[in-house]
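The values are calculated or read from the model by the stated rules, or taken from the named source; none is laboratory data. Since the model is a prediction, treat every value here as computed from it, not as a measurement. Virtual Cβ from ideal backbone geometry, glycine too; neighbours counted across all protein chains shown.
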């Protein structure tokens, strides 16, 4: 994965660090204390220094970006990866870096985006993308719904991912539709259902196969 996508990895790493460049350009306009975390109602509950906000968050996301790529590369079943899932792994951290920096900088400058709306919209769109990719995923130890039953049985893996793919797309649509309600508990409830239902479905498939 690393060798085949070296160019993309370099580009995505640079994109992940773009918020540092933007932060330096805005340095004199940013206050000494910058919003750094929000509660479930979209209110700022943690502040950080300008230096930490500009440099630390992109650096941490870059480290996590490389960790995800390295973990995916050493997967014994990495040859099973679909090209679309590789692109998702390579671009997820850069997208998060740009989104979080936009939230931090706009709030610091007094043009705050509604976190309780923006994040569900982003998450809903992300789950829709992942939902479309799930049926294309083949067995691996780093991507997909990794349960004992899916990893031990290819048919279970395929059925679970086809089922979960439809559910996650639907869940993503619902999350985006309810984003403007600003209710964290609705988001949490949908996320739990998106995890529990495919797990239960996979287990029932396992039990059915075991009884046959």
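Given the residues 128, 57, which is the only one that is in a helix (DSSP H, G or I) and at pLDDT 95 or above? Break it down stepwise before answering.
Details: 57 fails: at pLDDT 95 or above.
Every option except 128 fails the conditions.
Residues being modelled with pLDDT of 90 or more and closer than 19 Å to residue 90 by Cβ: count how many of those fall in the stretch 132-143.
6
Do we have residue 186 as outside the structural domain of residue 43 (by TED's automatic domain parsing), under 30 Å from residue 115 (Cα atoms), surrounded by 14 or more Cβ atoms within 10 Å (Cβ to Cβ) and modelled with pLDDT under 90 here? Steps first, please.
Working: outside the structural domain of residue 43 (by TED's automatic domain parsing): yes; under 30 Å from residue 115 (Cα atoms): yes; surrounded by 14 or more Cβ atoms within 10 Å (Cβ to Cβ): yes; modelled with pLDDT under 90: yes.
Taking the combined requirement at face value, the residue satisfies it.
Got a sec? Which of 157, 149 is in contact with a helix residue (DSSP H, G or I) (Cβ under 7 Å, 6 or more places away or on another chain), in the same structural domain as residue 205 (by TED's automatic domain parsing), within 30 Å of residue 210 (Cβ to Cβ) and buried (at least 21 other Cβ atoms within 10 Å of the Cβ)?
Values: 149 fails: buried (at least 21 other Cβ atoms within 10 Å of the Cβ).
On inspection, the qualifying residue turns out to be 157.
For the stretch 88-108, state whether one or more residues are part of a helix (DSSP H, G or I) and either modelled with pLDDT under 85 or on the phi > 0 side of the Ramachandran plot (or both).
No, the stretch 88-108 has no match at all.
Can you name the residue in the stretch 28-54 that is assigned to a loop (DSSP other than H, G, I, E, B) and at pLDDT below 90 and, of all such residues, is surrounded by the most Cβ atoms within 10 Å (Cβ to Cβ)?
42
How about the stretch 130-146: which of its residues are surrounded by fewer than 17 Cβ atoms within 10 Å (Cβ to Cβ) and under 27 Å from residue 177 (Cβ atoms)?
First, the residues of the stretch 130-146 that are surrounded by fewer than 17 Cβ atoms within 10 Å (Cβ to Cβ): 132, 135-136, 138, 141, 146.
132, 135, 136 - these are the residues of the stretch 130-146 that are surrounded by fewer than 17 Cβ atoms within 10 Å (Cβ to Cβ) and under 27 Å from residue 177 (Cβ atoms).
Residue by residue through the stretch 173-186, note down the ones that are over 11 Å from residue 127 (Cβ atoms) and in a helix (DSSP H, G or I).
177, 179, 180, 181, 184, 185, 186
List, please: which pairs have Cβ atoms under 6 Å, are six or more places apart or on different chains, and start with a residue in the stretch 69-87 that is not assigned by TED's automatic domain parsing to the domain that holds residue 126 and end with one that is exposed (fewer than 15 other Cβ atoms within 10 Å of the Cβ) and modelled with pLDDT under 85?
From the stretch 69-87, the pairs are 73/2.
Regarding residue 108, is this residue touching a helix residue (DSSP H, G or I) at 6+ places or on another chain (Cβ under 8 Å) and either within 28 Å of residue 11 (Cα to Cα) or assigned by TED's automatic domain parsing to the domain that holds residue 55 (or both)?
yes
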